[in-house]
């Protein structure tokens with residue numbers, strides 16, 4: 001910490017010798033919040049996870065190619081992350097934030113990627129605008145999605161947070177804070193797009209993405225609500241669905257039903273947390289409507305913990321439910337010329353397997369966070385997941401011999417730090 | 001004889017316990033951490049909840065509408081630990097995790113830190129828009145206790 005302070009002081013001296021730490025006018029509207037020219041900070045998590053299911057991988061994210069279970073008995077790829085950030089206060093109202101993170105990517109490398117790169121204009125203490133790569137505020141814990149040290153658990157509840165698996169948005173947002181007595185309300189409007197690469201090849205893109213999110217804070221209580229729409233394209237699924245168009249009008253009808261094109265993804269969430277210090281209670285609900293082969297899913301979780309000095313044990317219960325039909329008759333092969341039947345059968349099986357694999361699961365988690373020294377914590381967590389009949393849950397990389405609908409357990413340990 | 005000796009020991013133990021309890025009580029009384037503003041500031045009193053909102057960066061203004069800038073003591077200071085336990089019920093690790101969430105989305109920075117209580121007192125005395133916390137025993141005429 002002292003090295004960091006020294007670095008900041010040196011930078012202050014080098015970059016802006018004339019800048020006073022803060023002014024001491026008595027006028028009333030003059031005191032500036034603390035904003036040194038440059039602030040460097042870093043965070044990270046080193047983690048290892050073991051899964052009892054060895055015919056599939058638990059990855060914790062659809063953007064990771066492999067994880068714990070089949071590929072590794074103990075995987076360090078699921079939770080391990082390193083982040084480095086610089087914030088530059090360019091003027092009293094204009095600041096820039098740049099953050100790089102390194103974690104297991106779609107291509108199985110840890111090549112750093114840009115998590116944030118934005119300019120923020122603080123018009124008044126309560127009104128600000130940002131442009132660039134900014135947070136996508138879908139959830140209560142969206143702000144700390146990558147920062148294990150800020151979260152009570154080893155990882156955010158996957159049932160709920162997998163509904164919107166991305167954390168950032170390229171575009172702009174506007175934030176308005178309103179103080180009503182002891183109640184603080186922060187309303188944020190976000191617009192832009194998010195693009196990512198998928199481990200199975202191709203990319204995914206959410207265009208015309210907008211979110212309205214509102215956070216209410218009253219003492220130790222906070223409530224977050226969000227509504228989001230976007231046009232989602234997933235290359236690998238599009239290619240598959242478009243193949244149905246080879247089969248005349250009935251194929252086109254199926255393609256239109258399951259194609260995401262021109263149909264918005266809709267997402268809504270409502271979350272709340274009460275954290276008076278000695279204990280916490282948190283819960284969140286979310287629902288994603290895709291009107292495509294990926295269907296509609298809803299999820300919720302509740303979590304509570306109690307702090308005994310530096311130890312904070314917690315318990316969670318999380319549920320993920322697929323609400324769309326899990327099967328479709330597909331192309332009627334009786335109407336097809338014989339040479340097209342094998343292709344149609346293949347497509348039908350493929351469609352059914354995508355529909356049937358829509359994740360349905362619930363997880364009970366028990367764990368403890370230990371703040372054993374300054375700026376570093378150690379967490380241990382046990383999860384038991386019961387998977388819905390015919391579903392593979394949130395597991396990926398399914399191998400021959402994998403049996404859908406079987407429960408599995410995870411044992412995880414992480415060390416989180418902030419600097 | 002034996003019982004008399006035990007009785008003596010009990011008496012002595014009680015006396016030591018009482019002395020320790022007294023020492024502990026007076027120690028905590030002396031070491032109580034109070035929130036302070038400049039003697040020139042119009043603010044006279046703030047609730048724990050209002051202090052928590054100011055020091056957690058949730059508001060930039062005091063209840064009377066004037067701009068207010070919190071100043072922290074050093075991260076390892078016991079005053080700081082006591083202050084946040086008192087106004088927000090949070091441990092140092094919980095405060096760190098709270099600020100990490102804000103820092104790592106670029107939403108803001110924690111209050112400026114001054115490690116010297118003398119510098120802190122001078123700074124607050126000179127700037128009516130600042131607020132800090134110190135041990136009650138270190139309060140002087142240039143600053144006012146608001147909690």
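The values are calculated or read from the model by the stated rules, or taken from the named source; none is laboratory data. Keep in mind that what you see is a predicted model, and the values were worked out from it rather than measured. Cβ coordinates were reconstructed from backbone atoms using ideal geometry, including for glycine residues, and neighbour counts include every protein chain displayed.
Results, tabulated for the structure shown:
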item: Yes/no for residue A:417 being in contact (Cβ under 8 Å) with a residue 60 or more places away in the chain and in contact with a helix residue (DSSP H, G or I) (Cβ under 8 Å, 6 or more places away or on another chain); result: yes
item: Residue A:227 vs. criteria in contact with a helix residue (DSSP H, G or I) (Cβ under 6 Å, 6 or more places away or on another chain), within 30 Å of residue A:185 (Cβ to Cβ) and more than 14 Å from chain B (Cβ to nearest Cβ); result: no
item: Within the stretch A:372-413, considering residues that are in contact with a strand residue (DSSP E or B) (Cβ under 7 Å, 6 or more places away or on another chain) and within 14 Å of chain B (Cβ to nearest Cβ), the one farthest from residue A:54 (Cα to Cα); result: A:375
item: Within the stretch A:138-149, considering residues that are in contact (Cβ under 8 Å) with a residue 12 or more places away in the chain and within 9 Å of another protein chain (Cβ to nearest Cβ), the one nearest to residue A:60 (Cα to Cα); result: A:146
item: Which numbered condition residue A:78 fails, given (1) within 12 Å of chain B (Cβ to nearest Cβ); (2) surrounded by 20 or more Cβ atoms within 10 Å (Cβ to Cβ); result: (1)
item: Leading residue by the ranking (nearest to residue B:96 (Cα to Cα)) among those in the stretch B:54-66 that are outside any loop (DSSP other than H, G, I, E, B) and modelled with pLDDT of 90 or more; result: B:55
item: Scan of the stretch A:179-192 for residues that are closer than 15 Å to residue B:60 by Cα and part of a strand (DSSP E or B), ordered by number; result: A:179, A:180, A:183, A:184, A:185, A:186
item: Those residues of the stretch A:254-286 which are touching a helix residue (DSSP H, G or I) at 6+ places or on another chain (Cβ under 6 Å) and either in contact (Cβ under 8 Å) with a residue 40 or more places away in the chain or surrounded by fewer than 16 Cβ atoms within 10 Å (Cβ to Cβ) (or both), in sequence order; result: A:254, A:258, A:284, A:286
item: Number of the condition not met by residue B:83 [criteria: (1) at the interface with another protein chain (Cβ under 7 Å from one of its Cβ atoms); (2) modelled with pLDDT of 90 or more]; result: (1)
item: From A:220, A:318, residue being within 14 Å of chain B (Cβ to nearest Cβ) and surrounded by 15 or more Cβ atoms within 10 Å (Cβ to Cβ); result: A:220
item: Yes/no for residue A:364 being within 30 Å of residue A:419 (Cα to Cα), assigned to a strand (DSSP E or B) and without any contact (Cβ under 8 Å) to a residue 60 or more places away in the chain; result: no
item: Filtered residue count, the stretch B:126-147, keeping only those that are crowded, with 19+ Cβ neighbours inside 10 Å and part of a strand (DSSP E or B); result: 7
item: Residue list for the stretch B:45-58, filter: in contact with a helix residue (DSSP H, G or I) (Cβ under 8 Å, 6 or more places away or on another chain), within 9 Å of chain A (Cβ to nearest Cβ) and buried (at least 19 other Cβ atoms within 10 Å of the Cβ); result: B:52
item: In the stretch A:106-138, the residues that are at pLDDT below 95, assigned to a loop (DSSP other than H, G, I, E, B) and surrounded by 16 or more Cβ atoms within 10 Å (Cβ to Cβ); result: A:106, A:126
item: Output for the stretch B:89-125, where each listed residue is within 16 Å of residue B:69 (Cα to Cα) and assigned to a loop (DSSP other than H, G, I, E, B); result: B:108, B:109, B:110, B:111, B:114
item: Filter pass, residue A:176 being outside any loop (DSSP other than H, G, I, E, B), touching a strand residue (DSSP E or B) at 6+ places or on another chain (Cβ under 6 Å) and buried (at least 22 other Cβ atoms within 10 Å of the Cβ); result: no
item: Checking residue B:119 against (1) more than 9 Å from chain A (Cβ to nearest Cβ); (2) buried (at least 19 other Cβ atoms within 10 Å of the Cβ), the condition it does not meet; result: (2)
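Condition check ((1) more than 9 Å from every other protein chain (Cβ to nearest Cβ); (2) free of Cβ contacts under 8 Å to residues at least 40 places away in the same chain; (3) touching a strand residue (DSSP E or B) at 6+ places or on another chain (Cβ under 7 Å)) across all residues:
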residue	(1), (2), (3)
A:109	yes, yes, no
A:117	yes, yes, yes
A:155	yes, no, no
A:158	yes, no, no
A:194	yes, no, yes
